[in-house]
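The values are calculated or read from the model by the stated rules, or taken from the named source; none is laboratory data. Source: prediction; values computed, not measured. Cβ coordinates were reconstructed from backbone atoms using ideal geometry, including for glycine residues, and neighbour counts include every protein chain displayed.
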Amino acid sequence: MAKNIRIPVRVTRSQYERAKNDAEAKGFSTLSGYVRSLMFTNDFSVERKIEEIHFQIIKGSGFDKRDHKLKERPLTEYLEI
């Protein structure tokens, strides 16, 4: 597939050297190929897990989005006894 769109990115000299060294160490012949690989093969499982945990915390906390405050609940509801 032809690649004809450029995405310019500014980095510091040390960031450039680090990216270049990482690309070489991982067997990439070009820095562009390495950056494309990072951009399009990123596993978003960590982000999804954080969202899932956040949802569970909000759901279990009694937080009511309509009035933006915690509902009063007995302490025993929060403890697993």
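Results for (1) closer than 30 Å to Val11 by Cα; (2) modelled with pLDDT of 55 or more; (3) touching a Gly at 6+ places or on another chain (Cβ under 7 Å), shown as yes or no for each residue.
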| site | (1), (2), (3) |
| --- | --- |
| Leu38 | yes, yes, no |
| Ile57 | no, yes, no |
| Gly60 | no, yes, no |
| Tyr78 | no, no, no |
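Within the stretch 1-46, the set of residues being of a type in the set (Val, Ile, Thr) and not in a loop (DSSP other than H, G, I, E, B) comprises Val35, Val46.
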